[in-house]
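First up is the structure itself, then whatever we jot down about it.
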Amino acid sequence: MLGLLWTVAYWLVAQVNPNAFGFNTGPKETMSGFNAFYFSFITLSTVGYGDITPVSRVARWLAATEAMTGLLYVTVLIARLVSLYSTPKSQ
């Protein structure tokens with residue numbers, strides 16, 4: 001769900017500023033449809049292949065915020081799992 005929300009955010013930024021993202025794959029690429037979805041999930045997982053680069057300030061802020069969100073999500077998930085399985089069971 002988080003990745004889909006960020007997909008919409010990237011798409012909106014690209015609609016307002018078509019030069020907000022740079023593409024290494026070709027000059028005619030746009031941040032629409034699958035490209036926004038792909039960039040969102042690559043950023044959320046903090047893999048960052050580098051084929052799509054945020055160029056504008058707003059796009060960079062969004063990408064940095066999404067990467068931090070992805071890291072915090074994994075951190076909270078692991079902490080929750082550890083707390084569930086490390087507490088002694090009452091008998």
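The values are calculated or read from the model by the stated rules, or taken from the named source; none is laboratory data. Computed from a prediction, not measured in an experiment: that's the story for all the values here. Methodologically, a virtual Cβ is constructed for each residue, glycine included, from the backbone with ideal geometry; neighbour enumeration extends over all protein chains shown. All accessible areas refer to the heavy atoms of the entire protein, side chains included, with ligands and DNA or RNA removed. Shrake-Rupley method; radii C 1.70, N 1.55, O 1.52, S 1.80 Å.
Ligands, DNA and RNA left out, the accessible area of the chain computed with a 1.4 Å probe is 68% carbon and sulfur. The ellipsoid equivalent to the alpha-carbon distribution of the chain has semi-axes of 35, 11, 10 angstrom, derived from the gyration tensor eigenvalues as √(5λ) and listed largest first. In this Cβ point-charge picture (+1 for Lys and Arg, -1 for Asp and Glu), the chain has a dipole of about 240 debye about its Cα centre. Helix 57-86 axis versus longest C-alpha principal axis of the chain: approximately 20°, rounded to the nearest ten. Over the chain, Cα pairs under 8 Å with separation of 6+ residues give a relative contact order of 30 percent. Computed over protein heavy atoms with a 1.4 Å probe, the accessible surface of the chain works out to 73 Å² per residue. Under the simplified labelling scheme, the ARG57-SER83 pair shows an inter-label distance of 3.8 nm, with each label point 7 Å from Cα along Cα→Cβ. Angle of helix 34-44 to the longest C-alpha principal axis of the chain, folded into 0 to 90 degrees and rounded to 10: 40°. Fully extending the segment from THR75 to LYS28, taken as 0.36 nm per residue of separation minus the present Cα-Cα distance, adds 13.1 nm.
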